[in-house]
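**Student:** One structure follows; several queries about it will come next.
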Amino acid sequence: MSGEARSIPEQNHFLFNRLHRALGPWLSVQVSGQYEEDEMSPKKDVQKSAKNTTTINKKSARFTGDELAAMKNRAKELKAEARANKDKADGESDVLAAIAAMPEADRVMAERLHAIIKGSAPDLSPKTWYGQPAYARGDKIICFFQSAQKFKTRYATLGFSDNANLDEGALWPVAFALKKLTPAEESRIVALVKKAAS
């Protein structure tokens, strides 16, 4: 029959049947937001989708415990912001609680940075970001502190987001390592925070 001429409706019907036979097991119909199995599809496709789900779950196991904890903290923070539309006082208490939970060396530095940032840019609102102290204008983070212990680094970090106004030509720093705070570092931080928040 392949050599015979067919009318257009016959050709369409012929092509549809061939496609349906070839792709039938993978075709599905959407009913009320869920996919039902096609009558012709074999049951092994259901097993395949379960196998694919297992593969996806195995891939998520590649995150470290610290990374998973940071993601969970961030998800909690986003939910809390959406639910309560946190005001400045709530954000401040969250930041102070995050600082209080830090080991002593990081806690002392974070407390001092908190005071410096509040004094230098009072219009920034304190809030937590990935479980760490951060300071934002509206919902946009301007600067943040990362404890050395949390990220297992040899120094703490004062960082600035892309919302910070620190642009200087085509290249400028956005993160600073902190080993300790002396008056020289504090005055530099005041200048950076004022510029970032301007």
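Throughout, read-outs are computed from the coordinates displayed, never taken from laboratory work. Every value quoted in this text rests on a predicted model; they were computed, and no experiment measured them. All Cβ positions, glycine included, derive from the backbone under ideal geometry; neighbour counts span all protein chains shown.
**Student:** Taking K and R as +1 and D and E as -1, what net charge do the other residues with C-beta under 14 Å from the C-beta of Glu186 add up to?
**Tutor:** Net local charge, Glu186 excluded: +4.
**Student:** When you count, for each residue, the other Cβ atoms within 10 Å and take the mean per peptide, how do 125-132, 148-155 rank with the highest first?
**Tutor:** 125-132, 148-155
**Student:** Also: How far apart, in nanometres, would the label points at Ala80 and Phe176 be if each is projected 7 angstrom from Cα along the Cα-to-Cβ direction?
**Tutor:** 2.7 nm
**Student:** Using a basic spin-label model with each label point 7 Å from the Cα along Cα→Cβ, how many nm lie between Arg137 and Glu92?
**Tutor:** Label at Arg137, label at Glu92, 2.1 nm between them.
**Student:** Around Ala121, what is the net charge, scoring Lys/Arg as +1 and Asp/Glu as -1 over all other residues with Cβ under 11 Å from its Cβ?
**Tutor:** Residues near Ala121 contribute +3 overall.
**Student:** Right, next: Measure up Lys127/Lys180; Lys79/Lys180; Lys127/Lys179; Lys76/Lys118; Lys140/Lys180 against 29 Å on the Cα-Cα distance and list the ones that go over.
**Tutor:** Lys79/Lys180
**Student:** Continuing with the same structure: List the residues, sorted by chain then number, that are 5 or more residues from Arg137 or on another chain and whose placed amide H is less than 5 Å from its amide H.
**Tutor:** Ser125, Ile142
**Student:** Turning to a different aspect of this structure: Distance between Cα centroids, the stretch 126-189 to the stretch 96-110: provide it in whole Å.
**Tutor:** 15 Å
**Student:** Please give the peptides 176-185, 112-121 ranked by average Cβ packing (other Cβ atoms within 10 Å per residue), highest first, as a rough proxy for protection.
**Tutor:** Descending packing order for the listed peptides: 112-121, 176-185.
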